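Here the structure is laid out as structure tokens; the discussion comes afterwards.
The values are calculated or read from the model by the stated rules, or taken from the named source; none is laboratory data. Note that this is a predicted model, so its numbers are computed, not measured. Cβ coordinates were reconstructed from backbone atoms using ideal geometry, including for glycine residues, and neighbour counts include every protein chain displayed.
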Amino acid sequence: MSLKIIEGDITKCETTAIVNAANTSLLGGGGVDGAIHRAAGPGLLAECRAFHGCPTGEARITKGYNLKAAYVIHTPGPRYAGGNRGEAQLLESCYRNCLLLAMEHGIREIAFPSISTGIYRFPLKEAAEIAVRTIRQYPQMDVTMVCFDPVTREAYEEALETCLREAERRKNMENLQDTEKLQEE
């Protein structure tokens, strides 16, 4: 598994698939969604219309049209409303469903934007932790997190460092427990 974190323009990614942080209509909008629709051209909008929308947390796949990526996986992220309305679970579902849909289509490399942290106001630190934790559950995937600005990139880098430290701590605890069991025998 590889997880790269970069700062850049997701519409320029050369991964097999890119993820669109879409709205539930899938018909384009602002931010990443609008940029992807503009770069892909009118074929993307026509294909998205056939879905008649997509519920928050789910995912749909289309061709990439004029993009370098062969596919676009669209996922509507949750609007943050204080954190008590299942937003964290919905955001995790966005990442999980995109990864599962990619695997169903034989896609092993994918680029994600920071879902829901723009106009949907999901707290960046929490969103980065959810994204990294979920992505790391799919070691067969090569994932690039494409961050719009340095602040977002730093949040994802910190989330990855924290996740790696926690994994190392868990591994050390398991090794210690195994050693103690052997000494008892």
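Residues of segment 65-82 that are in contact (Cβ under 8 Å) with a residue 40 or more places away in the chain, in a loop (DSSP other than H, G, I, E, B) and out of contact with any Phe, Trp or Tyr (no Cβ under 8 Å at 6 or more places or on another chain): Leu67, Lys68, Ala69, Ala70. Quick one: which residue in Ser116, Ser93 is touching a Gly at 6+ places or on another chain (Cβ under 7 Å) and at positive phi? Checking each option against the conditions leaves just Ser116.
Condition check ((1) under 17 Å from Glu58 (Cβ atoms); (2) assigned to a helix (DSSP H, G or I)) across all residues:
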| position | (1), (2) |
| --- | --- |
| Cys98 | yes, yes |
| Ala102 | yes, yes |
| Ala111 | no, no |
| Gly118 | no, no |
| Glu129 | no, yes |
| Thr144 | no, no |
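Yes/no matrix, rows are residues, columns are (1) of a type outside the set (A, V, I, L, M); (2) modelled with pLDDT of 95 or more:
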site: Asn23; (1), (2): yes, yes
site: Gly31; (1), (2): yes, no
site: Ile36; (1), (2): no, yes
site: Leu44; (1), (2): no, yes
site: Glu47; (1), (2): yes, yes
site: Gly64; (1), (2): yes, yes
site: Pro76; (1), (2): yes, yes
site: Glu87; (1), (2): yes, yes
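Scanning segment 131-142 for residues being over 18 Å from Ala59 (Cα atoms), in contact with a helix residue (DSSP H, G or I) (Cβ under 7 Å, 6 or more places away or on another chain) and not in a helix (DSSP H, G or I) gives a total of 1.
I'd like the full set of residues that are over 17 Å from the mean Cα position of the chain (by Cα), of a type in the set (A, V, I, L, M, F, W, C) and surrounded by fewer than 20 Cβ atoms within 10 Å (Cβ to Cβ), limited to segment 42-69. Leu45, Ala46, Ala50, Phe51, listed by residue number.
Among the residues of segment 146-166, those that are in contact (Cβ under 8 Å) with a residue 12 or more places away in the chain, part of a helix (DSSP H, G or I) and among the hydrophobic types (A, V, I, L, M, F, W, C) comprise Val151, Ala155, Ala159, Leu160, Cys163.
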